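Here the structure is laid out as structure tokens; the discussion comes afterwards.
Computed from the coordinates by the stated procedures, all read-outs in this text should not be read as laboratory data. Since the model is a prediction, treat every value here as computed from it, not as a measurement.
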Amino acid sequence: MRRITSFTYDVRPNEHIVISVTPTGFGGSAPDVEAVLDGKDFPNTGSSDAPVFEFTVSKPVGQTHRVLMEFIFFGDAPATSFYQVDITGQNDQGCPCGFIIARNNPVKEAGVRFRVKAT
């Protein structure tokens, strides 16, 4: 995987991609992250306290996988709470890869593109 921007990556066919989310500073408030991969629910294979979303690149060269994520902050979440999102693949270039969504961010959603390139 090669980082283009925090939200765009070039990946190879059959590459395994892992998106790990670390909720930080939530105190007693529950973190909640929802995700969609290519228009379909993207199940969390981790836990609510440490969400993990993973997939293997299955689209052909020239196409793009799209992951849309929504980060929820309930009313009792501290003002300093945030989600650290780490994205890994194989032979990562230009990383660390990922981004942060803080409670004070005006936008609580992120769209991540994985463009399939030839090996």
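Assorted remarks:
- GNM on the chain, alpha-carbon springs under 10 angstrom: the most fluctuating residue among P106, P13, P51 is P106.
- Dimensions (Å) - the chain, Cα atoms, principal axes, largest first: 46, 27, 22
- Whole-Å distance, taken between Cα centres, linking region 24-86 and region 1-17: 17
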